[in-house]
1. Restricted to segment 62-73, and to residues that are under 16 Å from residue 113 (Cβ atoms) and not aliphatic (A, V, I, L, M), which residue is modelled with the highest pLDDT?
2. So for segment 97-117 (the condition being outside any helix (DSSP H, G or I) and crowded, with 20+ Cβ neighbours inside 10 Å), does at least one residue qualify?
3. Only one of these is β-branched (Val, Ile, Thr) and surrounded by 14 or more Cβ atoms within 10 Å (Cβ to Cβ): 14, 23. Name it.
4. Could you list, in sequence order, all residues of segment 1-47 that are of a type in the set (Val, Ile, Thr) and either over 28 Å from residue 91 (Cβ atoms) or in contact with a Gly (Cβ under 7 Å, 6 or more places away or on another chain) (or both)?
5. In segment 118-138, which residues are free of Cβ contacts under 8 Å to residues at least 40 places away in the same chain and assigned to a helix (DSSP H, G or I)?
Amino acid sequence: MRKYHIMIAALVVVFDHLTKWLVAQKISVHESIDVIPGLFRLIHVQNEGAAFGLFSDSPSEWKVAMLILFSVAALAVVSALLWKNGNAMNATAVALSLVFGGALGNLWDRVASGRVVDFLDFYVGSHHWPAFNIADSAIVAGALLLLSEIFLAPQEDKVVTQQEQ
């Protein structure tokens, strides 16, 4: 089953880098293309912070190093959890694979250039969600899947436990 976990993570990294490369080739920095006017556009942003631009305004000279260190630590934890779940192909393993692929995709960019390309911009009127990329999407999707497993599984366990009594 581990090969499927690696394939999921690799697909996230490949799709993430392909889309970032396309954006960098086709859209100048800070330029945008309306896809659905009033709702969604493609934009080219160089994000020197964490996901969704967090800490991008920080003047700290240690910011990139700390973000890289945090990413490496997160990858180590997710790797250990994936290894432990290596014989299963379940929602938890898929979620961890998505988080691993997303973290690796953004880490790769951060090590190579100190920043990541964000390009998905959702908005309504003047209210914008911070721009993000495929790696960020995979991390959030994986985290939401893990949270659903955490919060939904105990309910099922309680039902089984009560039925057994």
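The values are calculated or read from the model by the stated rules, or taken from the named source; none is laboratory data. Everything numeric in this text was worked out from a predicted model, so none of it was measured. As a convention, Cβ positions derive from the backbone with ideal geometry for all residues, glycine included, and neighbour counts pool all protein chains shown.
1. Among those residues, the one meeting the criterion is 71.
2. Yes, segment 97-117 contains at least one residue that is outside any helix (DSSP H, G or I) and crowded, with 20+ Cβ neighbours inside 10 Å.
3. Sole residue among the options that is β-branched (Val, Ile, Thr) and surrounded by 14 or more Cβ atoms within 10 Å (Cβ to Cβ): 23.
4. The answer is 8, 12, 13, 23, 27, 29, 33, 35, 36, 43, 45.
5. Within segment 118-138, 137 is the sole residue that qualifies.
Residues checked against (1) free of Cβ contacts under 8 Å to residues at least 24 places away in the same chain; (2) not in a helix (DSSP H, G or I):
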site: 9; (1), (2): no, no
site: 13; (1), (2): no, no
site: 17; (1), (2): no, no
site: 22; (1), (2): yes, no
site: 25; (1), (2): yes, no
site: 28; (1), (2): yes, yes
site: 38; (1), (2): no, yes
site: 43; (1), (2): no, yes
